[in-house]
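Q: Sharing a structure here in structure tokens format.
The values are calculated or read from the model by the stated rules, or taken from the named source; none is laboratory data. Every value quoted in this text rests on a predicted model; they were computed, and no experiment measured them. Cβ placement follows ideal geometry from the backbone for every residue including glycine, while neighbour counts extend to all protein chains displayed. Calculation scope for accessible area: heavy atoms of the full protein, side chains included, ligands and nucleic acids excluded. Shrake-Rupley method; radii C 1.70, N 1.55, O 1.52, S 1.80 Å.
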Amino acid sequence: MRYRLFVRLNCHLCADAFALLCEMGVAVQRINIDRDAALRAQYDLLVPVLYDTEGDRELPYPFDAEDVRRLCVDAAVAGGWRAASVATRRSGR
């Protein structure tokens, strides 16, 4: 799956982000960061974060439908939109 949503259990912001993505029809895999020490270290206070595996781009919350479209839709499909180049947040870089 191209898009991953890094989340935590019982996170209302994570639930809101997932609901928005579902409403928009974005197929996304939810990843619980607390199951992986490396992900927890990288995204601890940042969740929810939408990650594009093909573009290696991240979109940290808060984001809205327009932000998601910019991340997900290429210029040809979006009628002139440019895919957002969201700075990747990585610990130690």
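Q: Select from the range 10-49 the residues that are in contact with an Asp or Glu (Cβ under 7 Å, 6 or more places away or on another chain) and either of a type in the set (A, V, I, L, M) or part of a strand (DSSP E or B) (or both) and list them in ascending order. Outline the logic, then answer.
A: Start the filter on the range 10-49 by keeping residues that are in contact with an Asp or Glu (Cβ under 7 Å, 6 or more places away or on another chain), which leaves 40, 49.
Matches in the range 10-49: VAL49 only.
Q: Could you list, ordered by first residue, the pairs with Cβ atoms under 7 Å in which the first is in the range 13-34 and farther than 16 Å from CYS72 by Cβ and the second is open to solvent by 70 Å² or more (accessible area, probe 1.4 Å) and part of a helix (DSSP H, G or I), at least 6 apart or interchain?
A: Qualifying pairs under 7 Å: ILE33/ARG40; ASP34/ARG40.
Q: Additional query: Restricting to the range 16-72, give me the number of residues that are within 9 Å of the chain's Cα centre (by Cα), open to solvent by 50 Å² or more (accessible area, probe 1.4 Å) and closer than 12 Å to ARG4 by Cα.
A: The total comes to 0.
Q: Right, next: Regarding PHE6, is this residue within 16 Å of VAL68 (Cβ to Cβ), of a type in the set (Phe, Trp, Tyr) and either loosely packed, with under 13 Cβ neighbours inside 10 Å or free of Cβ contacts under 8 Å to residues at least 40 places away in the same chain (or both)?
A: no
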